[in-house]
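Heads up, the thing below is written out as structure tokens.
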Amino acid sequence: MKISTKGRYALAIMINLASNYDSGRYVSLKEISLKENISLKYLEKIMINLNKENIIDVARGNNGGYKLKKDPSKYIIGDILRIAEGDLMPVSCINTDCEKKNECKTFPLWKELNDLINNYLDSKTLADYIERSSL
């Protein structure tokens, strides 16, 4: 499993929004672009995906932008990465009805790795990374 730039940037964007959560203000795409060094065009694609999943608020106009819909502690890192990346499986046979699954010698290894990755990412929230993002 390799997290693409789309996943890394989606997470960086969400941490940026989380660091502004207490202010209640909307953060513009331009501001996020400058702070995270992500092109506006690529940012727009990622934001469309995040907005489609209804995890951020969008405001149009002069003071428009983006903000989190709920407290940063309610956003699971694994969920954000799954929105951006899809499944986080190390191999594709984990969630399929592979006919060789029962006799496959390596399947238990891949299943355990998959569980470790997902359990770890699901144990972390945006709130865990707010202070780190401002260093």
Exercise for review: Output the residues belonging to the stretch 53-71 that are among the β-branched types (Val, Ile, Thr) and either in contact with a His (Cβ under 6 Å, 6 or more places away or on another chain) or part of a strand (DSSP E or B) (or both).
Suggested key: 56, 58
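Among the residues of the stretch 25-48, is there at least one that is charged (D, E, K, R) and not in a helix (DSSP H, G or I)? Please lay out each step first, then the result.
Keep residues of the stretch 25-48 that are charged (D, E, K, R), which gives 25, 30-31, 35-36, 41, 44-45.
Now drop any that are not not in a helix (DSSP H, G or I), which leaves 25.
Taking every residue of the stretch 25-48 in turn, at least one turns out to be charged (D, E, K, R) and not in a helix (DSSP H, G or I).
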Review point. Does residue 126 satisfy being in contact (Cβ under 8 Å) with a residue 60 or more places away in the chain, within 20 Å of residue 43 (Cα to Cα), out of contact with any strand residue (DSSP E or B) (no Cβ under 7 Å at 6 or more places or on another chain) and open to solvent by less than 90 Å² (accessible area, probe 1.4 Å)?
Key: yes
Exercise for review: List every residue pair whose Cβ atoms lie under 6 Å apart, where the two residues are 6 or more positions apart in sequence or sit on different chains, the first residue falls within the stretch 53-71 and is over 13 Å from residue 19 (Cα atoms), and the second residue, located anywhere, is in a loop (DSSP other than H, G, I, E, B) and open to solvent by 60 Å² or more (accessible area, probe 1.4 Å).
Suggested key: 57/69; 59/26; 64/26; 65/26
Revision key, fill the gap. Filtering the stretch 83-113 for residues that are touching an Asp or Glu at 6+ places or on another chain (Cβ under 9 Å) and either surrounded by fewer than 16 Cβ atoms within 10 Å (Cβ to Cβ) or farther than 26 Å from residue 55 by Cβ (or both) leaves a count of 1
Revision key, fill the gap. Of the listed residues (3, 80), the one being among the β-branched types (Val, Ile, Thr) and either part of a helix (DSSP H, G or I) or buried (at least 19 other Cβ atoms within 10 Å of the Cβ) (or both) is 80
Review point. So residue 94 clears everything in (1) in contact with a Lys or Arg (Cβ under 7 Å, 6 or more places away or on another chain); (2) touching a residue at least 24 places away in the same chain (Cβ under 8 Å) except one condition, right? Which one?
Key: (2)
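When the residues of the stretch 84-135 are narrowed to those that are touching a Gly at 6+ places or on another chain (Cβ under 9 Å) and assigned to a helix (DSSP H, G or I), which ends up nearest to residue 35 (Cα to Cα)? Quick ask: steps written out before the conclusion?
Here is the first cut: in the stretch 84-135, the residues touching a Gly at 6+ places or on another chain (Cβ under 9 Å) are 84-85, 88, 117-124.
Restricting the remaining residues to those that are assigned to a helix (DSSP H, G or I) gives 84-85, 117-122.
Numbers: 84: 20, 85: 22, 117: 29, 118: 29, 119: 30, 120: 27, 121: 24, 122: 26 Å.
By that ranking, first place goes to 84.
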**Study point:** Verdict on residue 116 being open to solvent by less than 70 Å² (accessible area, probe 1.4 Å) and either of a type in the set (A, V, I, L, M, F, W, C) or touching a His at 6+ places or on another chain (Cβ under 6 Å) (or both)
**Key:** no
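The values are calculated or read from the model by the stated rules, or taken from the named source; none is laboratory data. All figures in this text were calculated on a predicted structure; none of them were measured in a lab. Note that we place each Cβ from the backbone using ideal geometry, even for glycine, and neighbour counts take in every protein chain shown. All accessible areas refer to the heavy atoms of the entire protein, side chains included, with ligands and DNA or RNA removed. Shrake-Rupley method; radii C 1.70, N 1.55, O 1.52, S 1.80 Å.
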